[in-house]
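Rule-based calculations on the coordinates, nothing more; no lab input. Note that the coordinates shown come from a computational prediction; the quantities given were computed from them, not determined experimentally. Using ideal geometry, Cβ is built from the backbone for each residue, glycine included, and neighbour counts are taken over all protein chains shown.
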Amino acid sequence: MAKQPSWRTAAYAALIYGGVALVFTAWGTVLGPPAAQIGGTRPEGTIPGHLAELAAFGLLLGLGCMLIYGGKGLPLVFLTPVLTVLLDVDHLPAYLGFAEPIRPAHSLLFVIVVLAVTAVTIKALDIELVMLSAFMGHMAVDTGLFAPFSPISYWYTQLGPYRVPSATGAILCAVAAGVALRRQEVVVGNGGLEHSA
Ligand SMILES: [Zn+2]
């Protein structure tokens, strides 16, 4: 049965996303090879500005979703910037003064695990598309090094060449999330007609 996005579902989605990011962070910090433990934080004064940039792009993506769907997509409008910012929870050990890899959750494997967990728990295509959009939106705003296959490999490469494709993918997924919501509404609507016939 198709469901409208609820605030509760959005909260579950944020818990899954943040929880998996923390697992990747703990894994990298505890089990990552010492040579990979070179992650740090940006200069303290620039952190609020960077987080604001992430939130602003996430909010734009969320609004793109709502423009197609209307007011009922409101939980997703809020969920998108929350997830976009939440990925940076993987800087926590460095922020607290511990050695850790660079951006352990900024990884393709992270997004695969998040989508797999969501597919068996929340089971909502629109939420999965919002997660993908928020992840790619984050990668579009970030600069510097990341490990695309963390925690299996801490091979670091520059984000630069991936930023424009990530931004494009983020926008397409936000729009697709809106389309997925509208299709759910049609399915629910048809079901209602059958019952009343
Ligand atoms: Zn980041």
In segment 127-164, residue nearest to residue 69 (Cα to Cα) [restricted to those that are within 15 Å of the ligand (Cβ to nearest atom) and of a type in the set (Val, Ile, Thr)]: 141
Failed condition for residue 124, given (1) away from the ligand (no atom under 16 Å from the Cβ); (2) farther than 21 Å from residue 68 by Cβ: (2)
From the options 35, 116, 99, 105, residue that is surrounded by fewer than 15 Cβ atoms within 10 Å (Cβ to Cβ) and assigned to a loop (DSSP other than H, G, I, E, B): 99
Hey, residue 74 assigned to a helix (DSSP H, G or I), more than 18 Å from residue 167 (Cβ to Cβ) and within 18 Å of the chain's Cα centre (by Cα) or not: yes
